[in-house]
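A short write-up of the structure that comes next.
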Amino acid sequence: MTDAATEPDKITGPTPDIALRAGDKTKSGPVLAADGTPLKRSLNRALRAQKLRALALIAPLLLFVLITFIAPIGDMLFRSVENQIVSNTMPRTTAALQDWDSNSGDLPPEEVFEAAFYDLFLASENKVHTRLGSRLNYEQSGMSSMFRRAGRGVGDIGDVYLDQFKDLDRDWDEALPWAELMGDPDWIAAQDAWSEADGPMPSFELRAGIAEVLPRTADAYETFARFMQDSNGDSPLEEEPWSMVHTALYQDLAAGDVAGYDGPRADMLRAADALVADPAFETISFRDGFEEIDEDWLSVENWRVIKLYSPDYTVGYFASAVDMEKTPDGIEVRPEDEQLYIRLFQRTLFMSLVITFSCILLGYPIAYLLSNLPSSKANLLMILVLLPFWTSLLVRTSAWKVMLQQQGVINDVLVWLGMVADDGRLVMINNQFGTIVAMTHILLPFMILPMYSVMSTIPQSYVRAAKSLGATNWTTFWRVYFPQSVPGIGAGSILVFILSIGYYITPEIVGGTSGIFISNRIAFHISSSLNWGLAAALGTILLVVVLVLYWAYDRIVGIDNVKLGG
Amino acid sequence: MSDAILTPIEKKPIGFTAGVLAAAGGFAGLFLGTAQGSGLMGIVIGAALMAALAVVAMQMLGEAMEKPVRWGLIALGVAAGFMYNAIPGLIMGGLFGWFFGWFIYWIGMGRYRVHLVPYLTPGQVLWHYTFRVICGAIFVFLITPILVIIPLSFNAQNFFTFTPEMLRFDPAGYSLQHYRDFLTNPEWTSAVKNSLLIAPVATLISVSLGTLAAIGLSQSHVPGKRAIMAILISPMIVPLIISATGMYFFYSKIGLVGTYWGIVLAHAVLGIPFVIITVTATLVGFDRSLTRAAANMGADPVTTFFKVQMPLILPGVISGGLFAFITSFDEVVVVLFLGSAELQTLPWQMFTGLREQISPTILAAATILVAISIGLLTSVELLRRRSERLRGMSPG
């Protein structure tokens, strides 16, 4: 059989032989793969393909977790320092406050009050001034009502000018004359022709040159017109301007000269200029206007707070979260009676430790018993551990409510046994005791399962060897068995501690006021007090604690060694 | 411990038996006595009674009469209990009679040593049983709260506690009204419906994405495996309140708060760690040569996955899915934050019910949930055994 096809030297396709021979020919050259490429490169390519395949399998989930979970956490971290509400709501004021020395003890200059007038006028039209008020109220109580009053009161300042201009000429309180004075003629024509069916309104445009003559008025009117168009969907041709525009007009007329103006409505404007020049024209300084609104606006302290919180980012929430406050003189500890969070953090840590410790105390004997019983019995008893583990958290919490309340099962039994008088029933719920008992019960399986998986790997022969060498029971346990079970205790403790430190549901239901955790406070700030920044800061601190523990758990146990259900 | 070793048992001296029984009787008498007003009297009477019974049973009647004596004690207990407190007394008395009948012979005949190695000292024997009693007490602590709510859910009154009628086993004290309420009240039925609409979809997402990723993670060369694993497990580690806070902020920006999909996505991500953990654990024992063999015989990767790999890891995937399901089905914090009035789930309903208006319908819901969790526990346990058998890790 000397068929050409089977003769090694006559086969033309790639065979392992070719590589071998090629290797033979160049003794010092690299080892080659079957297709003639160097083996190293070929292996590298295969490895890269394998890596890419693995990553392609992981990528969808990783992306999913990053978007639905990690991004929200990042958002929370961002919110704990974010503070754009002040500069967004009062942009002119924060800019004007830049030059004011908050330590001088003097009130801010008139320009600041002027800026505050325009900012607050706009904010109250947008109905956002109360939000800013409640934001600043977290830092200084009383500021909420100060802003609420200002929202109503800024109109009074503007009305001083509006009324006088109106008395001079009714047209000053009409929509069309204003639009002709300020608006671009083309825009007026377009706006006039506009109807609902045409889609969005033509955006307001200032008439060329008017901004040079009446800078403030042009600015104010443009803001007004855009607001009417965008927020209300009304035509500026039909809406009388706000008194803010009249105030700006007064300022422009008092500051500049309109004699050279000859555009539309020039007569009206000149008459107004003459009126303003008249000594009988009534004016009010912005400062006095604010004083009339609320005395608090003339408090240096409040202005210092506004200036302090005008930057876009703040550590103020974190300072509040650790019972400090940001003051112009730096960060200071809050007075004793306002301290809350440090104590709450301490209590959370303390109670988590107590819970962890009681779980060790109760879990160790059980894990020991289960790992030393024959497996048929152990499996049966394991059900008693796994059943609570699988039972809904709310079921277990309601069960403890049933057990612990004053008319509950435990008190009933104690009264029946005569150990407690009927009128002296024990208070076991809505306090720390209730939280600790219920949470120990809820978290106990998380302690038993890791302990059990460690203990069942400890060889019985070590214990027997120790005993046969003359050790007493206690010595055997303490010197031989216990050290080997420590990893199980460590794993279980970290798991239980991590879980308990962030618990919300159980403390909320059985904790009352003295048994609540930091999580309950976070939930309170999210849903009731709406101080989201503080909630985010508290959450960030809690998250850091948990992540440090998570890292420790990973180092000690390894996250891929977490076991569920034995 | 060691059934092979036969420890000879012998009758104990009567002094020992009577002493132990007197102590036990005294302990029981203490409780009965305090319930009647005088603890001391209870101790004395209990101790004397039990010591006397021990002497009679051991010395006069002996082991031959064991059966009649034990039945007699049960009858005695039943009769005394019935006279004292009708039906509940009858049951308690019967139990007492049964226990002490067994206990007399267990102690008196030295049977307690049967299962122990012969060389143990009395102290070690005592410790052995003390330890068992301690463990028993902890098991009671673990299981009682769950068992207690079951009878309470049949309460005829709107109370969270046992009524005298219930303790008398009076049929009038029991009713199914809370179950009726649970099944007919629209608040509860819509909550159940919402839970059943959300959990399966969330489970499907976490299982499909999670299984793929677990297979990817189990390959030998994955760059940054530790970091990826840490990210994927983090939804389980980060406290729920923090996840919920972050999701509330972030989802409100993209308009998912108060929507069905917002909750589904949140629940899916919370269930992912469980799927990853169970499926990677199953894949640890997976024999890679099987997929290679399939590929060798010309199967493409998709066929290999569905025909070879999937059937073998299916038990792990299903139990991961059950974990994910229960995570979503039992989750309340995220629902509290992201939910809306139309999206109230069963846990939400229970939570608000517990916090504001306590209605025992919660207990009916809880009992049903316990039944469900028993079912889930059983299936996970069976699946785990099946998976181990498939992978040849344990016989049978």
- Per residue, how big is the convex hull around the C-alpha atoms of the range A:343-561? Give it to me in cubic angstrom, could you? 165
- Say each of residue A:231 and residue A:44 gets a label point 7 Å from the Cα, pointing the same way as Cα to Cβ; how far apart are those two points in nm? 6.3
- Unit Cα scatterers, Debye sum, the range A:209-281: log10 I(q)/I(0) for q = 0.12, 0.21, 0.22 Å⁻¹: -0.35, -0.94, -1.00
- From the cross-link list A:467/B:11; B:11/B:67; A:377/B:11, which pairs have alpha carbons spaced over 22 Å apart? A:467/B:11; A:377/B:11
- Task: Jot down the per residue volume, in cubic angstrom and as a whole number, of the convex hull over the alpha-carbon atoms of the protein assembly as shown.
- Result: 326
- Task: Return the loop-located trypsin sites (Lys or Arg not before Pro) in the range A:34-88 (DSSP other than H, G, I, E, B) with at most 15 other Cβ atoms within 10 Å of their own Cβ; answer none if there are none.
- Result: none
- Query: Tell me, what is the 1.4 Å probe accessible area of residue A:219, in Å² to the nearest 10?
  - Reply: 80
- Message: With bins 10 Å wide starting at 0, give me the P(r) of the range B:263-396 over every alpha carbon pair, in whole percents.
- Response: 11, 29, 28, 17, 11, 3, 0
- Average partner chain C-beta neighbours within 10 Å, per residue of B:121-133? 1
- Simple Cβ-charge dipole of the range A:328-435, Lys/Arg +1 and Asp/Glu -1, about Cα centre, in debye nearest 20: 660
- What average number of partner chain Cβ atoms lie no more than 10 Å from the Cβ of the residues making up B:212-219? 6
- Direction-averaged shadow area of the convex hull around the Cα atoms of chain B, nm²? 29.0
- What is the log10 of I(q)/I(0) for the range B:1-118, computed with the Debye formula using one identical point scatterer on each Cα and no solvent, at q = 0.18 Å⁻¹? -0.93
- Taking alpha-carbon centroids only, the range A:66-83 lies from the range B:203-270 a number of Å equal to 14
- Query: If the viscosity is 1.002 mPa s and the temperature 20 °C, what translational diffusion coefficient in µm²/s does Stokes-Einstein give for the range A:91-308 when Rh comes from Kirkwood over Cα pairs?
  - Reply: 116
- Message: Name the residue from B:311, B:335, B:22 whose Cα lies farthest towards the positive end of the charge dipole of chain B, charges +1 on Cβ of Lys and Arg and -1 on Cβ of Asp and Glu.
- Response: B:311
- How many partner chain Cβ atoms sit within 10 Å of a residue's Cβ in peptide A:375-385, on average, as a whole number? 2
- Note on the structure: Residues meeting the amide H criterion for residue A:183 (H placed from the backbone, H to H distance under 5 Å, 5 or more places apart or on another chain) are A:207
- Item | Compactness index (Cα Rg / 2.2 N^0.38 Å), chain A | 1.57
- Note on the structure: Answer in debye to the nearest 20: the dipole magnitude of the protein assembly as shown about its Cα centre, from +1 Lys/Arg and -1 Asp/Glu charges placed on Cβ, is 9940
- Query: How do the peptides A:429-435, A:200-206 rank, highest first, by the average count of neighbouring beta carbon atoms within 10 Å per residue?
  - Reply: A:429-435, A:200-206
- Message: I'd like the carbon and sulfur percentage of the solvent accessible area for the range A:343-561, probe radius 1.4 Å, heavy atoms only, ligands and nucleic acids excluded.
- Response: 66
- Put +1 on the Cβ of every Lys and Arg and -1 on every Asp and Glu Cβ in chain A; which of A:285, A:473, A:71 then has its Cα farthest towards the positive end of the dipole? A:473
- To the nearest 20 debye, what charge dipole does the range A:369-505 have about its Cα centre, counting +1 at the Cβ of each Lys and Arg and -1 at the Cβ of each Asp and Glu? 520
- Taking a straight Cα-to-Cα line shorter than 12 Å from residue B:193, and setting aside same-chain aspartates and glutamates fewer than 8 residues away, one finds B:342
- Scan chain B and report its longest stretch carrying no GluC sites (Glu not before Pro) that are both in a DSSP loop and have at most 16 other Cβ atoms within 10 Å. B:11-355
- Looking at the range A:257-318, which GluC sites (Glu not before Pro) are in a loop (DSSP not H, G, I, E or B) and have at most 12 other Cβ atoms within 10 Å? A:282
- Note on the structure: From the Cα centre of the range A:230-291 to that of the range B:83-130, the distance in Å is 101
- Give me the distance between the Cα centres of the range B:314-328 and the range A:369-425, rounded to whole Å. 27
- Looking at the P(r) of the range B:64-216, how many percent of alpha-carbon pairs lie beyond 25 Å? 64
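The values are calculated or read from the model by the stated rules, or taken from the named source; none is laboratory data. None of the values given here were measured: they were computed from a predicted structure. Glycine also receives a Cβ, built like all others from the backbone with ideal geometry; neighbour counts cover every protein chain displayed. Surface accessibility is based on the protein's heavy atoms, side chains included, excluding ligands, DNA and RNA. Shrake-Rupley method; radii C 1.70, N 1.55, O 1.52, S 1.80 Å.
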